[in-house]
Amino acid sequence: MGRAEYGTAKYASKQMKARGLQKLKFYCQVCQKQCRDDNGFKLHIKSPSHVRKISQISQADIEEYTKQFENDFLRLMRLTHGEKKIEANKFYNEYIQDKDHIHMNATRFTSLTKFIKYLGQTGKIRVHGVDVSKGDNDHDDDNADADDDVDMGQLIISYIDNSQRNLLRREKLQELAKNEKSDQEIKMMLLQRQMESAAENAKEDKEEEEIAPVVREPAGTVSLQLGKSSSRSKKKPNTRKNVFQ
């Protein structure tokens, strides 16, 4: 089948499809070539150029791809989400939006679940909802099947920031929390002392009232003196006039 000529509708359609994100399983990391479907991928892996490059791949190259994939994954997680929780599958979809990212099929990990558990076991991220304290399951077929049965929606991950800057920030926050706690303890201690002092003063006042005798003054004699009035009131003459006279 011939190539589409430049400027034709078929050429423009192919260019638009090439810009979009294709299926990851049809991507060849060694050749850095994206195939559109299963048929194209099968034709590519049978090509002489691909066979020649694959024959030159060593275990060291796979470890290098794995290291680069891990570093890019953690760097994007640190920059975009920090230490916040996020679903593993949702974040992986954010990671693969970059067409130039290192694909997982070029690493030693066969699934996202195993990769997430590896990061959790090495202390690089926190995995919530799933126990990752067990050993590596890459060489155990029974445990590998159990890993595939894990619901990706249950894998909640968060980044562990062990940088020097973040450690200093944590120490500062702990120091502030400790100082705040000390201030509260001092206030509570002073309040307790005031309450104890008030209780002691009230007790002493009560004891003094019980011990002190009650002294009453003798009742004095009350004398009344009755005297006669020196002048008597005189009647005033009636000065009214008779209007009929």
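The values are calculated or read from the model by the stated rules, or taken from the named source; none is laboratory data. Owing to the predicted nature of the structure, the values given are computational and were not obtained by experimental measurement. Heads up, the Cβs are rebuilt from the backbone with ideal geometry, glycines too, and the neighbour counts pull from every protein chain shown.
Odds and ends about this structure:
- Among the residues listed as Leu74, Leu119, Leu112, Leu79, the single one being among the aliphatic types (A, V, I, L, M), closer than 18 Å to Ser158 by Cβ and free of Cβ contacts under 8 Å to residues at least 12 places away in the same chain: Leu79
- Segment 78-131 - residue that is among the aromatic types (Phe, Trp, Tyr) and out of contact with any Asp or Glu (no Cβ under 9 Å at 6 or more places or on another chain) and, of those, nearest to Lys67 (Cα to Cα): Tyr92
- Selection status of Phe91, in contact with a helix residue (DSSP H, G or I) (Cβ under 6 Å, 6 or more places away or on another chain) and either surrounded by 12 or more Cβ atoms within 10 Å (Cβ to Cβ) or modelled with pLDDT under 90 (or both): no
- Residue list for segment 22-44, filter: in contact with a Cys (Cβ under 7 Å, 6 or more places away or on another chain) and either free of Cβ contacts under 8 Å to residues at least 12 places away in the same chain or over 14 Å from His103 (Cα atoms) (or both): Phe41, His44
- Looking across segment 82-109, the residues that are touching a residue at least 60 places away in the same chain (Cβ under 8 Å), touching a Phe, Trp or Tyr at 6+ places or on another chain (Cβ under 8 Å) and assigned to a helix (DSSP H, G or I) come down to Met104, Asn105, Ala106.
- Residue within segment 45-57 that is polar (S, T, N, Q) and loosely packed, with under 11 Cβ neighbours inside 10 Å present: yes
- Against the conditions (1) touching a Phe, Trp or Tyr at 6+ places or on another chain (Cβ under 6 Å); (2) more than 30 Å from Arg169 (Cβ to Cβ); (3) in a helix (DSSP H, G or I), Asp61 satisfies every one except (1).
- Screening Asp72 on (1) within 19 Å of Gln32 (Cα to Cα); (2) among the charged types (D, E, K, R); (3) not in a helix (DSSP H, G or I) shows it passes everything except condition (3).
- Segment 32-44, subset of a type outside the set (Asp, Glu) and assigned to a loop (DSSP other than H, G, I, E, B), residue surrounded by the fewest Cβ atoms within 10 Å (Cβ to Cβ): Gln32
- If you check Ala88, Ala106 for being of a type in the set (A, V, I, L, M) and over 14 Å from Leu24 (Cα atoms), only one passes: Ala88.
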